[in-house]
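The values are calculated or read from the model by the stated rules, or taken from the named source; none is laboratory data. Remember, predicted model here, so these are calculated numbers, not experimental data. Quick reminder, even Gly has a Cβ in these numbers, built from the backbone with ideal geometry, and neighbours come from all protein chains shown.
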């Protein structure tokens, strides 16, 4: 971004919560909010008056390797936060029953949805820690056949099974 008269680039300043911030400061704020909430960057920049647009933040991720690394680390921290929130949501039974002690299915289903969403997101943000574990060990059993057993097997399954 250059000044209207050409020459040196104009310094970008954003005013957030009544304070002026430079680009690196805004980037740090974005990463801090990502790491400490389960909110995505699009909502953070949309809901925080004075933040740059989502498009600008995405450009920074592409053009600024230092910011991209900080952002990636913040997303990993966010995955850990979401995993912790799963326990809190599962343990919270405050909305499971109404005043008449009647079971409120909708609230329980909403909690299940919140847990499942966080599990899915955490598994994508930090797959080594929260992703599905695949067992790549395959065990097979084999045994020797004599000629008569092999002929019987061949008659049952045909020559294409060999």
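For the range 29-49, taking the residues that are touching a strand residue (DSSP E or B) at 6+ places or on another chain (Cβ under 9 Å) and closer than 26 Å to residue 84 by Cα, the one that is modelled with the highest pLDDT is identified as 29. All conditions but one from (1) surrounded by 12 or more Cβ atoms within 10 Å (Cβ to Cβ); (2) at pLDDT 95 or above apply to residue 66; the one that does not is (1). Selection of the range 85-99 for residues being exposed (fewer than 12 other Cβ atoms within 10 Å of the Cβ) and under 15 Å from residue 117 (Cα atoms) yields 87, 88. When every residue of the range 85-99 is checked against the conditions, at least one turns out to be within 18 Å of residue 124 (Cβ to Cβ) and without any contact (Cβ under 8 Å) to a residue 60 or more places away in the chain.
Considering only residues in the range 14-28 that are surrounded by 12 or more Cβ atoms within 10 Å (Cβ to Cβ) and in contact with a strand residue (DSSP E or B) (Cβ under 6 Å, 6 or more places away or on another chain), the one that is modelled with the lowest pLDDT turns out to be 14.
Condition test on residue 122, is it in contact with a helix residue (DSSP H, G or I) (Cβ under 6 Å, 6 or more places away or on another chain) and either assigned to a helix (DSSP H, G or I) or without any contact (Cβ under 8 Å) to a residue 24 or more places away in the chain (or both)? Steps first, please.
On the way: in contact with a helix residue (DSSP H, G or I) (Cβ under 6 Å, 6 or more places away or on another chain): yes; either assigned to a helix (DSSP H, G or I) or without any contact (Cβ under 8 Å) to a residue 24 or more places away in the chain (or both): yes.
Criteria met by residue 122.
Of all residues in the range 50-81, those satisfying the criterion of being within 27 Å of residue 117 (Cα to Cα) and part of a loop (DSSP other than H, G, I, E, B) are 51, 53. Within the span defined as the range 98-105, one or more residues are assigned to a helix (DSSP H, G or I) and at pLDDT below 90. Every condition in (1) under 30 Å from residue 19 (Cα atoms); (2) more than 18 Å from the chain's Cα centre (by Cα); (3) surrounded by 13 or more Cβ atoms within 10 Å (Cβ to Cβ) holds for residue 110 except the one numbered (1).
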